[in-house]
1. Please find, among E93, E121, the residue that is in contact with a Ser or Thr (Cβ under 9 Å, 6 or more places away or on another chain), acidic (D, E) and without any contact (Cβ under 8 Å) to a residue 60 or more places away in the chain.
2. Counting only residues that are outside any strand (DSSP E or B) and more than 21 Å from A50 (Cβ to Cβ), how many does the stretch 126-152 have?
3. Could you look through the stretch 74-86, keep only residues that are surrounded by fewer than 18 Cβ atoms within 10 Å (Cβ to Cβ) and in contact with a strand residue (DSSP E or B) (Cβ under 9 Å, 6 or more places away or on another chain), and pick out the one that is farthest from F142 (Cα to Cα)?
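Each value in this text was obtained by applying a stated rule to the coordinates, not by laboratory testing. Source: prediction; values computed, not measured. All Cβ positions, glycine included, derive from the backbone under ideal geometry; neighbour counts span all protein chains shown.
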Amino acid sequence: MTPRQERRPAPPPSPPAAPEPKPRDGDGDACVPRSATAALGESLAAAFLAARGFIVHARDLRTTHGEIDLLVRRKRLWVAVEVKTRRRHDAPERCVSQEQHARLVRALSALAGVLRPRPVELRVDVVAVRLPDGIDPELRHFEGRSFAPPRG
């Protein structure tokens, strides 16, 4: 006796696979996910500010008003730092909108009451990080205007 052979119908053809999207960093660069570029820029900015006498207290701090990339201080000056990292942009600092700046001011003002040591002044700064291909990173620090913490 020979074993019985069953004929199974062929499975239906599967639809063609969609091409996998290339990760992008937000300004036209392929091959580097946006989060990896941002994280690299924030690490470089944190080291840059620490070398200039700031103490880094928090990274990617989420508040009800928005996210603060770096929260740093020097003595009793507390600074919310927006880090803009780009590979192919001559002036990453120009990517900070007035609305984004206003959100950072509100976020920092809201935190002022819980910061220790108590702030005497607050500020929102921008650190622009350029990562041109094959060249060392370029960092520029733009200091904002200081303002007094809210009373209360």
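1. Selected residue: E121, the only one of E93, E121 that is in contact with a Ser or Thr (Cβ under 9 Å, 6 or more places away or on another chain), acidic (D, E) and without any contact (Cβ under 8 Å) to a residue 60 or more places away in the chain.
2. Number of matching residues: 10.
3. The extreme case among them is R76.
Let's see how each residue does on (1) crowded, with 16+ Cβ neighbours inside 10 Å; (2) small (G, A, S):
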position	(1), (2)
F48	yes, no
V72	yes, no
R94	no, no
E99	no, no
S109	yes, yes
R118	no, no
I135	no, no
R140	no, no
